[in-house]
Amino acid sequence: MTTSVRTEAEARPLGRLFRLPGVYRPQEDTALLSSVLTADTRIGCGMRCADLGTGSGALAIALARTGAAVVAADISLRALASAWLNTVLRALPIGLVRGGLQETAEAGPYDVVVANPPYVPSPTPTVRSTRAWDAGPDGRAMLDPLCAAAPSLLARDGALYLVQSTMSDVDKTRFALAAGGLRSEVLARAEVPFGPVVSGRLEYLTERGFVRPGDRTEELVVLRAAR
Ligand SMILES: C[S@@+](CC[C@H](N)C(=O)[O-])C[C@H]1O[C@@H](n2cnc3c(N)ncnc32)[C@H](O)[C@@H]1O
């Protein structure tokens, strides 16, 4: 399946979500992964799911609407409070976990794990205000640990659904998943204009070869990985 999500207006099926200051605004990556989750008939009632780095809870809500039992995890208390309110307003029962991979794994294993992790390469150390998108010098600060932990997060027939930019090396993600015995497939792609974060560091990204001179768009990719 190839999906194209070009504008925030087209991402509206996510609906209006409450966000405390500093919580990630659902964007094209959120919308692309959400559309995949909603369309994938392999996800549904009775499944045990986790949304790693839930932010405002957009993906947890997409999962819960399928009838699945969902754990939403985030390192940010403001994100968890926002996700809690958004799920309560929709009468969707969701468990909340403060933390990252380890804390999420403790409540597992899961039939489905979804993640829209931070993946933007950054010239400066990640701080609290940038941790929703900054992911170290190569954009893989969370992707690499996630790939390494994926086999232990997943039940025997479980699957990981992940969205990232090609800027942060999709092939590397697929090799890392394969090293853990997980076979991956591309479920969706979308070409989207650079947002303010990428636009604000184009010089660094171009110098390091993450984008080509003159580029104004990046490709988002949704992967599904399973044993
Ligand atoms: C790109 S945002 C995605 C938010 C939401 N899932 C969405 O798609 O709109 C990444 C989220 O991961 C969270 N995060 C960053 N580092 C984390 C970590 N080490 N453990 C857990 N969550 C983390 C951030 O607080 C942020 O909410």
Worksheet item: What is the set of long-range amide H partners of residue 50 at a cut-off below 5 Å, with H atoms built 1.01 Å from backbone N?
Response: 71, 112, 113, 114
Response to the item:
residue 22 neighbourhood, Cβ < 12 Å, K/R = +1, D/E = -1, net charge +4
Worksheet item: Between residue 175 and residue 103, what is the label-to-label distance in nm when each label sits 7 Å out along the Cα-to-Cβ direction?
Response: 3.3
Fill in: Using a Förster distance of 30 Å, the FRET efficiency for residue 128-residue 65 (Cβ separation, nearest 0.05)
0.45
Practice prompt. Could you work out, for region 83-177, what percent of all Cα-Cα pairs fall into each 5 Å distance bin, beginning at 0 Å and stopping at the bin that holds the largest distance?
Written response: 3, 12, 20, 21, 20, 15, 8, 2, 0
Worksheet item: Hey, what number do you get for the chain at 222 nm if only DSSP H runs of n ≥ 4 count, each worth -39500 (n - 2.57), divided across all residues, to the nearest 500?
Response: -8500 deg cm²/dmol
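Which order do the peptides 158-164, 217-223 take when ranked by the mean count of other beta-carbon atoms within 10 Å per residue, highest first? It would help to have the intermediate numbers written out before the result.
Numbers: 158-164: 25.4, 217-223: 20.4.
Descending mean neighbour count gives 158-164, 217-223.
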Worksheet entry | ³J(HN,Hα) computed for each position of region 222-227 - Karplus, 6.51 cos²θ - 1.76 cosθ + 1.60, integer Hz, glycine/proline x | 9, 10, 10, 10, 8, 5
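What is the dipole size for the chain, taken about its Cα centre, with +1 at each Lys and Arg Cβ and -1 at each Asp and Glu Cβ, in debye to the nearest 20?
Working: 25 positive and 23 negative charges, 95 e Å.
For this selection, approximately 460 debye.
Order these by the 10 Å Cβ neighbour count, fewest first: 144, 169, 51, 134.
Numbers: 144 16, 169 19, 51 32, 134 22.
Result, fewest neighbours first: 144, 169, 134, 51.
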Worksheet item: If you build the Cα gyration tensor of region 104-227 and take the root of 5 times each eigenvalue, what three semi-axes come out, in whole angstrom, biggest first?
Response: 27, 16, 12
Worksheet item: Can you list the equivalent-ellipsoid semi-axes of the chain, largest first and in whole Å, using the square root of 5 times each Cα gyration tensor eigenvalue?
Response: 25, 20, 17
Worksheet item: Using 7 Å Cα-to-Cβ label points, what is the residue 227/residue 18 separation (nm, one decimal)?
Response: 4.0
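Laboratory data are not the source of any read-out in this text; all were calculated from the coordinates shown. Nothing here was measured: the structure is a model prediction, and the numbers come from that model. Please note: Cβ atoms are built from the backbone with ideal geometry, for glycine as well, and neighbour counts cover all protein chains shown.
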